[in-house]
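J.: Here it is, the structure, as structure tokens.
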Amino acid sequence: MCGIIGIIGKGNENVVGKIIHGLEKLEYRGYDSAGIAVVCDGKLSRLRAAGKLRNLIAKIESNKLSGTVGIGHTRWATHGKATENNAHPMMTKDVALVHNGIIENYRELKFELQKDGYVFSTETDTEVVAVFLQREIDKGNSPREAFKNALSAIEGSYAFAAIFSMLPETIMVAKNRSPLVVGFGSNMCIASDASAISAECKEVVYLNDGDYAEITENNASFFDKNFQPVMRKRFTVSEDSIDSGKGEYAHFMLKEIMEQPSAIRKTILHNRINADILNGVSRILILACGTSYHAGLVARYWFEKFLRIPTNVEIASEYRYRSPIIEDNTLVFAITQSGETIDTLEALEYVRKHSNAKVAAIANVKNSAISRAADMIFYTEAGVEVGVASTKAFTAQLVVLAAVAFCKSEFFLQELQNVPTACEEALRLFENIKPVAERIKEARSAIYLGRDLLYPIALEGALKLKEISYIHAEGFAAGEMKHGPIALIDDNVPVICLCPHNELFEKTASNIAVALARGKNVIVFTDAEGSKLLPDEVTKIILPNICSEFVPILYSVPLQLLAYYTALIRGEDVDKPRNLAKSVTVE
Ligand code: AGP
């Protein structure tokens, strides 16, 4: 969701350039608008712009904004349209404030402040906090008291950073259920994540929920939820959390797709799972959202077939509302690339409250919130994933889950080692995939079909296409098509089938025949043997042969390429698709 940053300059240093640099790193969290506020000589100034960060940068260039202490924001709109007027920072006479999260009781607070004569000018929930702080200052309270009173009045999730005209050397921050780090280095900084301030800070403190902190030029003081001073542990910023740019690629997404063989190799190397984690486990529960949920769906096939442990996979955002029962001896896996998806964290919270189940997290971002919420953490070694559409983190999640499923089988672990090379071969097929993208680029809707282990990959392929090309796409279990979705098929609805030559080949081939009888645009991802047996009327993309358990990893790759090239041909912003954000920290 939104990204926030704050930097304190050394001496008279103007921090605007550094804040913009940080916002560039945070833009993956939202790009509906951006803004910056600085304090200089006891005076607050701000600039804001609707749309992507480049609009703000253009404004800053023509307005010469300068300040020694500043805060910045990149917004993913929740309350209020994506306009300049609703862009953060919110500013009153003496306070400028940026926020990530949702203030749930903002209507009551707004009503109360309006009764006191305060006037609101935006549609946001955040403005109540800035106005609340202003009212406290007007009452004669210090900024610290103002913050303390505001935090006890507010309900919801937040990471705040505020600057005050009367305290021009300080940034005040608070956190509850939205991520926030305080960085120590050449500058003192705060940010939604460590990567945004990695140029300035080599060490960070991850604030706990309820924490409040005051940051000055050389120091940071931390307070717990009772406003008692506390010490918080410093962590070294991991090199892995620093993104190295797009390199030779036009988009981060393409770079990340291409990085998969090495990401998979590294993830295999770092995830030799000890079979002891399964001791006494009689059930597995997987919690995740979006693409990570699809990884969980694949794992269910592996866990049930090879570990013979009953496995449930749950959409984390739904899980806790139906009061689920967690049996004794359940092992829970929470899967999340970002490690900060609030739906997944809340589902985990439910597990904690209602059971003694052991929780293992699978995350890509080191030291993210999930690492503190779980009993064990397995990292996917995919490196920073910037593209909003998850690619290499997904296949790396599958690798970690495979390492768990096959932790007792040297044979399969050995076969897993062949996956990166097969993915390299699949990546070389990009020239074959471009014409397929040309064929589906005008479609109003697309259908993805897969059976067994490839059913979740059909779901994932469809998600990739809709996320970045805005073509409506749905994945179905191939056998389920005849129970309804078949009604959608005509010549203008491409049917994309995943059909390796395995024991279910004939069944999926029949589904393909049925689709072909109703529409002319049938595209099949298969292998050499399958290709020989499928009708000539279908378009075939031939993938390498691989151990049949690992086809979900391999078949993900060309579907990512297909989504990428389709979005590219349609002229969409591949790395920053509309309405989305990489990290979803609101419910
Ligand atoms: C993936 O392409 C999506 N952008 C999205 O579905 C994502 O997987 C989901 O929001 C979960 O994120 P997480 O893995 O960081 O928890």
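J.: Of Ile362, Thr508, Asn105, which is farthest along the charge dipole of the chain in the positive direction, counting Lys and Arg as +1 and Asp and Glu as -1 at C-beta?
T.: Asn105
J.: Rounded to the nearest percent, how much of the accessible area of the stretch 246-417 (1.4 Å probe, protein heavy atoms only) is carbon and sulfur?
T.: Result for the stretch 246-417: 48 percent of the exposed heavy-atom area is carbon or sulfur.
J.: Need one number: nm distance between label points at Phe111 and Phe235, each 7 Å from Cα along Cα→Cβ, rounded to one decimal.
T.: Distance between label points: 4.1 nm.
J.: Holding the Cα-Cα limit at 20 Å, pick out from Lys202/Lys576; Lys10/Lys93; Lys64/Lys576; Lys507/Lys532 the pairs that are longer than that. Let's see the in-between values first.
T.: Numbers: Lys202/Lys576 28 Å; Lys10/Lys93 25 Å; Lys64/Lys576 28 Å; Lys507/Lys532 16 Å.
Long pairs (Cα-Cα over 20 Å): Lys202/Lys576; Lys10/Lys93; Lys64/Lys576.
J.: Still on this structure, please answer the following. Would you mind working out the magnitude of the charge dipole of the stretch 462-587 relative to its Cα centre, with +1 at each Lys and Arg C-beta and -1 at each Asp and Glu C-beta, to the nearest 20 Debye?
T.: Values: 12 positive and 16 negative charges, 51 e Å.
Charge dipole of the stretch 462-587: 240 debye, to the nearest 20.
J.: Can you sort Phe111, Phe235, Phe184 by solvent-accessible area, 1.4 Å probe, largest first?
T.: On the way: Phe111 130, Phe235 55, Phe184 25 Å².
The ranking, largest first, comes out as Phe111, Phe235, Phe184.
J.: Select from Ser142, Val436, Ala373 the residue farthest towards the positive end of the dipole of the chain; place +1 on Cβ of Lys and Arg, -1 on Cβ of Asp and Glu, and compute about the Cα centre.
T.: Most positive-ward Cα: Ser142.
J.: Relative contact order for the chain using alpha-carbon pairs under 8 Å, separation at least 6, rounded to a whole percent? Could the numbers behind the result be given before it?
T.: On the way: 1353 pairs, mean separation 70.6, N = 587.
Once divided by the residue count of the chain, the mean separation gives 12 percent.
J.: Please report, in whole Å³, the volume per residue of the convex hull around the C-alpha atoms of the chain.
T.: Numbers: hull volume 89.4 nm³, N = 587.
Value for the chain: 152 Å³ per residue.
J.: Sort 480-490, 173-183, 257-267 by the packing proxy (mean of other Cβ within 10 Å over each peptide's residues), most packed first. Don't jump to the answer; show the numbers that get you there.
T.: Details: 480-490: 14.8, 173-183: 25.8, 257-267: 22.8.
By packing density, highest mean first, the sequence is 173-183, 257-267, 480-490.
J.: Accessible area per residue for the chain in Å², computed with a 1.4 Å probe and the full protein assembly in place, what is it? Mind dumping the intermediate values first?
T.: On the way: 22450 Å² over 587 residues.
Heavy-atom SASA per residue in the chain reads 38 Å².
J.: So, one more: Defining a contact as two alpha carbons under 8 Å apart and six or more residues distant in sequence, what relative contact order in percent does the stretch 3-237 show?
T.: Details: 595 pairs, mean separation 45.7, N = 235.
Once normalised by length, the contact order is 19 percent.
J.: A further question follows. Antiparallel DSSP bridges in the chain: what percent, to the nearest 5?
T.: Working: 62 of 102 bridges.
Within the chain, antiparallel bridges account for around 60 percent of the total.
J.: So how much accessible area does Arg300 have, in Å² to the nearest 10, using a 1.4 Å probe?
T.: Accessible surface of Arg300 is approximately 80 Å².
J.: I've got another one for you. How much mean residue ellipticity at 222 nm does the chain get from its helices, if each DSSP H run of length 4 or more adds -39500 (n - 2.57) and you divide by all residues, to the nearest 500 deg cm²/dmol? Walk me through the numbers on the way to the answer.
T.: Values: 19 runs with 201 residues, N = 587.
So the calculated ellipticity at 222 nm is -10000 deg cm²/dmol.
J.: Beta carbons within 10 angstrom, averaged per residue: use that to sort the peptides 315-325, 494-504, 373-383, 534-544, highest first. Write down the numbers at each step before the final one.
T.: Working: 315-325: 14.7, 494-504: 23.2, 373-383: 20.8, 534-544: 16.7.
Packing proxy ranking, top to bottom: 494-504, 373-383, 534-544, 315-325.
J.: Okay, moving on. Is there a quick way to get the dipole size of the chain? I mean about its Cα centre, with the Cβ of Lys and Arg at +1 and of Asp and Glu at -1; what is the value in debye to the nearest 20? Don't skip to the answer; put the middle values down first.
T.: Details: 64 positive and 72 negative charges, 90 e Å.
Approximately 440 debye in magnitude.
J.: Let me ask another. Hey, can you rank 82-88, 350-356 by average C-beta count inside 10 Å, highest first? Working shown, then result.
T.: On the way: 82-88: 20.3, 350-356: 14.7.
Result, highest mean first: 82-88, 350-356.
J.: Can you tell me the relative contact order of the stretch 427-572? Whole percent, Cα pairs under 8 Å, sequence separation 6 or more. List each step's numbers first, then the result.
T.: Details: 269 pairs, mean separation 45.7, N = 146.
Relative CO of the stretch 427-572 lands at 31 percent.
J.: Something else: To test your reading of the geometry: what angle, between 0 and 90 degrees and rounded to tens, separates the Cα axis of helix 127-138 from the longest principal axis of the chain?
T.: Approximately 20 degrees, to the nearest 10.
J.: In the chain, with Lys and Arg counted as +1 and Asp and Glu as -1 at Cβ, which of these residues, Ile257, Val131, Ala405, has the Cα nearest the positive end of the dipole, that is, farthest along it?
T.: Of the candidates, Val131 comes out farthest on the positive side.
J.: Under a point-charge model restricted to the Cβ atoms of Lys and Arg (+1) and Asp and Glu (-1), what is the dipole moment magnitude of the stretch 17-165 relative to its Cα centre, in debye to the nearest 20? Kindly include the intermediate steps, with their values, before the conclusion.
T.: Numbers: 20 positive and 18 negative charges, 95 e Å.
Dipole about the Cα centre, nearest 20: 460 debye.
J.: Then there's this: Determine which lysines satisfy two conditions relative to Lys358: a Cα distance under 24 Å, and not lying fewer than 8 residues away in the same chain.
T.: Within reach: Lys305, Lys366, Lys408.
The values are calculated or read from the model by the stated rules, or taken from the named source; none is laboratory data. Note that the coordinates shown come from a computational prediction; the quantities given were computed from them, not determined experimentally. All Cβ positions, glycine included, derive from the backbone under ideal geometry; neighbour counts span all protein chains shown. We work out accessible area using only protein heavy atoms, side chains counted, and drop any ligands, DNA or RNA first. Shrake-Rupley method; radii C 1.70, N 1.55, O 1.52, S 1.80 Å.
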